[in-house]
Amino acid sequence: MRRLYWTLAALLSHWRRHPLQLFSVLAGLWLATSLWAGVQALNSQARDSYARASQLLGGAERYSLVARDGGWFAQQHFIELRRAGWPVSPLLQGRLRLHGQGEQRLQLIGIEPLTLPAGGALAGQPFERLELTAFLGRPGRSWIAAETLAELGLQAGAQPLSASGQRLPPLTVWPQLAPGVLLVDIGVAQRLLDAPGQVSRLLLPAAFARAAPPLPAALAAQLVLQRGDEGADLAQLTDSFHLNLSALGLLAFVVGLFIVHAAIGLALEQRRVLLRNLRTCGVSLRGLLVALVMELGALALLAGVAGLLSGYAVAAWLLPDVAASLRSLYGAEVAGRLSLAPHWWLGGLLVCLLGALLAGAGSLLRAARLPLLALAQPEAWQQAQARWLRRQGWLAALLGGVALFALLFGDSLALGFVLLAALLLGAALALPVGLNLLLEAWLPHCRTPLAQWFVADSRQQLPGLALALMALLLALAANIGVGSMTAGFRQTFSGWLDQRLAAELYLMPVDASQAAAIEAWLAGQPQVRALLPSWRVELQLQGWPAQLTGIRAQAHYREHWPLLSASAQAWQRLQRQQGLMLSEQLARRLDLQLGERLRLPTPSGAWELEVLGIYADYGNPRGHLLVEAAGLQRHWPGLAPRSFSLRLPAAEVPALIQALQEEFALDDSRVIDQAALKAWSGRVFERTFAATAALNSLTLGVAALALLISLLTLGQTRLSQLAPLWALGVGRTRLAWLSLGQTLLLAVLTLLLALPLGLLLAWCLVAVINVQAFGWRLPLQVFPGQLLQLFGLALLATLLAAAWPLWQLGRSTPAALLRSFADER
Amino acid sequence: MRGQHARISLALLAGLLLLAACDAETPAPAAGFAGLGGAAQGFARVEPGRLLGFPADHGAHPDYRIEWWYLTANLQDAQGRPWGVQWTLFRNALQPGSREADWRNQNLWMGHAALTGPDGHRHAETFARGGIGQAGVVAEPLQAWIDDWQLRSRSPANGGLGELELQARGEGFSYRLRLTSERPPVLQGAQGFSQKSGQGQASYYYSQPFFQAEGSLLVDGKRHAVKGQAWLDREWSSQPLAPDQQGWDWFSLHLQSGEKLMLFQVRQADGAHYRAGTWIHADGRAEPLSQADIQMQPVRFSRVAGRRLPTAWTLRIAAKDFAIDTTPLQEQAWMATRFPYWEGPIRFSGSHPGVGYLEMTGY
Amino acid sequence: MLKVQGLCKSYATPQGALPVLRGIDLELATGQSLALMGESGSGKSTLLHLVAGLDRADAGRIEVDGRVLGDLHEGQLAAWRRGGIGLVFQQFNLIASLRVADNLALQARLAGRHDPHWQAELVERLGLAALLGRYPEQLSVGQQQRVALGRALAVRPPLLLADEPTGSLDERSAAEVLTLLLELLAGSSTSLLMVTHSASLAARLQRCLCLQGGRLLETA
């Protein structure tokens, strides 16, 4: 113990004398942990929310009866089934806006607690603990998660009004309830959602459902047995989203570890004398390694805790955007307040420790091999550098091979990321090789001795700056790639939206009778130029949720429904019920091409249709199919239209909305005009990429920091390299400028190499990652303005990073320069 | 006094609340079994002198807190083997006078069904909200149902009780019986006012003990044709038990002589049990029995569901020269429902042999 | 106290094995001082390193106070270096990031033999009192070597091994440092084995041996 203590004391004394190195190590570890832990916090928060949503009504194996068109249906079916001996329990689900809470919608779930499937605990809490009488009695209860209550800024016991002016039962905290959920009695839900006598599904006990008798004939045409729960669905649908986040977090982690690796390596070099002294004073090799590992562990713990704290802050900062995009993209509710399990903290620390060990492994290995006797003769730098470049080159080539393999044979998102990782790492490793070649080619063209020194010395600086330049390359390429993809997506998406959202007004009737009434009423409205009803059926195709839409009036769609690819006469043949069209992502998932045939399961047996067209359906995680309405109605008899698209002069829209709402008590989630819909889609889009953009800028920041740290640490050794020039009569100011020039030269060369890499990355993102993750492919677009802006930013970062060490150099006293001669050995 | 067990049911329902409610309120003397001794604020009180009228009183009484339709049958199959059937529908109101025909209705319903046979005892339980049609009772023609279980009048004869159809279903069993009767219902206690304690707790209580039953049972896929006798109890109240009453033992007996006998004791914390009963002559005349007339003595205890229960009894009514020893058909006739109790067919020998049902709660 | 028998050591070079020591026999009594001379590359330092347990011999035996170094494993050798010897090199003796006081105490602390009184005496006799709070880079080379001597002697080692301790010093400073060293050793039982180029310095020790062609020759 005593020996370990004094060994550690001697080792640690180094950092006191070199606080900058200490800062580099800590900052690198801190950044790596921070971003990684932040992303993990977001992911685990979301997954916890999905799990809670899934547990809410009985967990993974949930069975229910739902309407074939996915809409609400009459509660009378519940009574009919109960009286036929089916142990069903009704559930009504909808979105509810609270008065004074802006646009935020809560998920309202109405349950009937007496009939909930046995063993189906509520949100993981046993049934008996429900305060049943209070829930069923008057005024009842609105169960809500504590964090949701806090987010709303309300107190337990409050009775807020819904947006339509209905009073809620007193809010009461139910601990494990999923976030964003209001759980009320079904009767209350029907009142709040203005859906008297309506239910959205009937829950069934799993044991019964697995051997359920056939549905009574009268119901079989309308209801269908569905297995699975929303939580599991959400987990599946949002998988790609979280994988993307993880990839960004991992990128930051790797960049951070680069910094750590460099700083620890430098520290080891500077501590060779110290280590040897310790050994000769009787510290065994094992004792020394133990002390070094402990030192690394202590640094990692320190930085890890700091990283976790700031990671928490990053996550808390990004959470609203992430939650909002998950909600609008997938309908997934994620608690807006971070609450993280202890395993997140422990896991984060562990990752930080492992990362530190990984980054320090090389140095530890070198320390273990450090000769005890006289200092090993420093190898001639050219030789060492050549060997280093060769190794980098080989590794880069190997990674290039991996990337090629992943590109040619990749068919999954994971392989897509392998492609990205191999491409980025390979390029980063190849960077010093490329720079060296460039400088070597340039050297013969230098005429003045100073120019020669300028280029030759730049070459010699490569190893020291390589890591920082690699970090810069990675960050820049990532920024170019992600930026191009986002901007390209924005352009494609808004163009597509403009074309697709051609109707001025969209209506969603509550039920069949209302649909009929609305249709009849609208027929008497002269300003309505066209009334386009659509029918809807929810399907599972190879286990993937999909929506089948039946349409009429193909002429309108031919104009406003852009197709990515189509057979000849596609719309005419669709009208003749000779085929179907489907979304790009569904076509990929089912591996269908134009002209191939798809079998749809219907109550009256399979329905086989030819694929006539494929269209983009950006932002929809579920599959989508289009058929002629008459065919749909033949296979699913008794369906009512689920929505109407209305064409009318834009000026008439507000009046019509008002008239509709007065006539039919439609709330504003059922009547949407084009402008509102576009605005909403735009917001979804912005939020989806807000988190990505933020993480991306953070990565660039990390790279700038890496550059700064590298330059600062180099600054000290630079002194001895510049001293001879000073002695030969080059002024200090001039030396400083020359040095700055060198740094900028290397940075600019790196920027230039980052451009093609970034575009390659962008291509990978739109043509590989997007396709695998979301199922849609985007055209690759280049935005020169954006690139210029990014370049300016990167140059500025480089300048700032180079400025301080050079300012120090410019200020260094002749004495300091002189001493660098004395210290030279 | 099935009523008592009814309390159970209520208990079920009400008990849940109970658990929560009791915390807040004064730690009263346990408020009777399953809260049935609790206060009945706003609910109608049971007073002597109310005249019962049929068929109207076959239906529900939402002004009162609790109510039940309770049917037991002692049956025999073609091989002469004995079977027992229980069918119960409980109503428990959270608020008095709730009659809404939608989810706002404050009545909760619960059904219990049991089938006891030579090879054991099976039971089932189900719940429903009032007002939406999943469960309810219509007085004329009588129809009481919950899910696909029902008790339904098939003829207007005998005030609607002339011919009934009974059916229920649970895991591994179902039954369907036809019940017929010719005599009018028997009013228990004082013209249907049945006292349950010395402190005034009471219920309205009438029975139809004279049903002839026949029908079929389906047990694990095997059908059995059966015949026998059945007994219907109807009872409603708002606070049937005193707070210190812990549970009860209740008998409904079909004597071979054609007479019927109902006996119960409500066990009190102080050991002074409250006993009452009705001797029903073969012609339907009811003769109330008082505490002093009745002797009830457990003679054998059995281990049931981890509890010690008196499954065999000696019953005496000196004034009637009545002395019998009872034996259960299945000692383990345990109703493992939310609020569990023992209920099963028995036979007895002695001065007046016969068959009947025993219910024991609060053990 | 030190007994070396038949010690051989050669180094691998691209041209084949290069023998440096070809059977060295040497004895050093308790409290005795011995100078080791020889031309550059004659193996003086190698011999010293072998005795210090910094390197392993190819053949032969080194016995110190009854312990055979060849039989010790790494950990035991480290312990031997901590407590059994003091080592002084020509340069790089000190840890740049530790102050003089901590450099002085380092080995004694590692060996668990830190004795403040003894250290105070060493500081005084080495004339380092005013320098304790400084870092090595703030000392002259002569001062640095005095700190190195102090560190080696702070454990009161039975054997002091010095590899050209005055090699970086001018003649006067070298003589001063050696004088100091001999004074410090005068009253103790510590034996001294010192490698040096300088005949004048060597002459001040009790015995002097010369390494030539991998063998030892006793000089006058």
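Screening A:585, A:578, A:525, A:569 for residues that are at positive phi and either polar (S, T, N, Q) or touching a Leu at 6+ places or on another chain (Cβ under 8 Å) (or both) leaves exactly one candidate, A:569.
For segment A:484-533, a tally of residues being acidic (Asp, Glu) and either over 39 Å from the mean Cα position of the chain (by Cα) or under 30 Å from residue A:197 (Cα atoms) (or both) returns 2.
Any chance segment B:211-218 includes a residue that's surrounded by fewer than 19 Cβ atoms within 10 Å (Cβ to Cβ), in contact (Cβ under 8 Å) with a residue 60 or more places away in the chain and among the polar types (S, T, N, Q)? No; the residues of segment B:211-218 include none that is surrounded by fewer than 19 Cβ atoms within 10 Å (Cβ to Cβ), in contact (Cβ under 8 Å) with a residue 60 or more places away in the chain and among the polar types (S, T, N, Q).
Among the residues making up segment B:90-129, a single one is away from chain A (no Cβ under 14 Å), within 30 Å of residue A:187 (Cα to Cα) and crowded, with 21+ Cβ neighbours inside 10 Å: B:112.
The set of residues in segment C:41-98 being more than 7 Å from chain A (Cβ to nearest Cβ), of a type in the set (Gly, Ala, Ser), free of Cβ contacts under 8 Å to residues at least 40 places away in the same chain and in a loop (DSSP other than H, G, I, E, B) consists of C:41, C:53, C:66. The condition of being outside any helix (DSSP H, G or I), of a type in the set (Ser, Thr, Tyr) and at pLDDT below 75 holds for only one of A:325, A:339, that being A:339.
Where strands (runs of 3 or more DSSP E) sit wholly within segment B:88-179, those with at least 3 residues that are more than 27 Å from residue B:347 (Cα to Cα) occupy B:107-117, B:120-129, B:135-138, B:143-146, B:149-155. Screening segment A:1-112 for strands (runs of 3 or more DSSP E) wholly inside it with 2 or more residues that are surrounded by fewer than 23 Cβ atoms within 10 Å (Cβ to Cβ), more than 10 Å from every other protein chain (Cβ to nearest Cβ) and touching a Ser or Thr at 6+ places or on another chain (Cβ under 7 Å) returns the ranges A:89-97.
If you filter segment C:55-96 down to residues that are small (Gly, Ala, Ser) and within 27 Å of residue C:134 (Cβ to Cβ), you find that the one that is nearest to the chain's Cα centre (by Cα) is C:86.
For segment A:200-219, a tally of residues being assigned to a helix (DSSP H, G or I) and surrounded by 13 or more Cβ atoms within 10 Å (Cβ to Cβ) returns 5. Which residue is modelled with the lowest pLDDT, if the candidates are limited to segment A:114-139 and must be more than 9 Å from chain B (Cβ to nearest Cβ) and buried (at least 18 other Cβ atoms within 10 Å of the Cβ)? Taking the candidates together, the pick is A:120.
Out of segment A:241-293, which residues are polar (S, T, N, Q) and away from every other protein chain (no Cβ under 14 Å)?
Passing the criteria: A:244, A:246.
Of the candidates A:169, A:175, A:179, the single residue that is within 14 Å of chain B (Cβ to nearest Cβ) and either in contact with a helix residue (DSSP H, G or I) (Cβ under 7 Å, 6 or more places away or on another chain) or assigned to a loop (DSSP other than H, G, I, E, B) (or both) is A:169.
Taking the listed residues A:263, A:315, A:324, A:332, the one that is surrounded by 20 or more Cβ atoms within 10 Å (Cβ to Cβ) and within 28 Å of residue A:463 (Cβ to Cβ) is A:263, with no other qualifying. One residue alone among A:776, A:804 is among the aromatic types (Phe, Trp, Tyr), modelled with pLDDT under 80 and out of contact with any strand residue (DSSP E or B) (no Cβ under 9 Å at 6 or more places or on another chain), and that residue is A:804. Within 27 Å of residue C:141 (Cα to Cα), away from chain A (no Cβ under 12 Å) and not in a loop (DSSP other than H, G, I, E, B): does that describe residue C:7? When the stated conditions are applied, residue C:7 does not pass them.
Each row is one residue, and each column tells you yes or no for (1) farther than 19 Å from residue C:64 by Cβ; (2) more than 14 Å from chain A (Cβ to nearest Cβ); (3) part of a loop (DSSP other than H, G, I, E, B).
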{"residue": "C:130", "(1), (2), (3)": "yes, yes, no"}
{"residue": "C:134", "(1), (2), (3)": "yes, no, yes"}
{"residue": "C:144", "(1), (2), (3)": "yes, no, no"}
{"residue": "C:150", "(1), (2), (3)": "yes, no, no"}
{"residue": "C:172", "(1), (2), (3)": "yes, yes, no"}
{"residue": "C:181", "(1), (2), (3)": "yes, yes, no"}
{"residue": "C:184", "(1), (2), (3)": "yes, yes, no"}
{"residue": "C:193", "(1), (2), (3)": "no, yes, no"}
{"residue": "C:209", "(1), (2), (3)": "no, yes, no"}
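Just wondering, is there one or more residues in segment C:8-18 that are farther than 15 Å from residue C:193 by Cβ and surrounded by 20 or more Cβ atoms within 10 Å (Cβ to Cβ)? Within segment C:8-18, one or more residues are farther than 15 Å from residue C:193 by Cβ and surrounded by 20 or more Cβ atoms within 10 Å (Cβ to Cβ).
For segment B:335-363, a residue qualifies if it is within 17 Å of residue B:70 (Cα to Cα) and of a type in the set (Phe, Trp, Tyr), and the qualifying residues are B:339, B:341, B:342, B:357.
Give, as residue ranges, the helices (runs of 4 or more DSSP H) completely inside segment A:580-699 that count at least 3 residues that are at pLDDT below 85 and over 30 Å from the mean Cα position of the chain (by Cα).
Qualifying helices (runs of 4 or more DSSP H): A:653-664.
Residues that are over 20 Å from residue B:245 (Cβ atoms) and part of a helix (DSSP H, G or I) within segment B:271-307 comprise just one, B:293.
Take residue B:153 and tell me if it is crowded, with 19+ Cβ neighbours inside 10 Å, within 14 Å of another protein chain (Cβ to nearest Cβ) and farther than 30 Å from residue B:244 by Cα.
Judged against the criteria, residue B:153 is not a match.
Any residue at all in segment C:108-117 that is surrounded by 15 or more Cβ atoms within 10 Å (Cβ to Cβ), without any contact (Cβ under 8 Å) to a residue 12 or more places away in the chain and of a type outside the set (Val, Ile, Thr)? Yes - at least one qualifying residue is present in segment C:108-117. Of all residues in segment A:294-301, one or more are over 18 Å from residue A:27 (Cβ atoms), in the same structural domain as residue A:43 (by TED's automatic domain parsing), of a type in the set (A, V, I, L, M) and surrounded by fewer than 22 Cβ atoms within 10 Å (Cβ to Cβ).
Looking across C:120, C:108, one residue alone is within 14 Å of another protein chain (Cβ to nearest Cβ) and in a helix (DSSP H, G or I). It is C:108. Whether a residue is aromatic (Phe, Trp, Tyr), more than 24 Å from residue B:359 (Cα to Cα) and either surrounded by 24 or more Cβ atoms within 10 Å (Cβ to Cβ) or in contact (Cβ under 8 Å) with a residue 12 or more places away in the chain (or both) was assessed, and residue B:68 does not pass this test.
For first residues located in segment A:104-118 and under 26 Å from residue A:153 (Cβ atoms), partners that are not aliphatic (A, V, I, L, M) and lie 6+ apart or on another chain with Cβ distances below 6 Å form the pairs A:105/A:95; A:105/A:97; A:106/A:180; A:107/A:180; A:107/A:333; A:108/A:94; A:109/A:93.
The values are calculated or read from the model by the stated rules, or taken from the named source; none is laboratory data. Just so it is clear, the model here is predicted, and its values are computed rather than measured. Neighbour counts run over all protein chains shown; Cβ positions are idealised from the backbone, glycine included.
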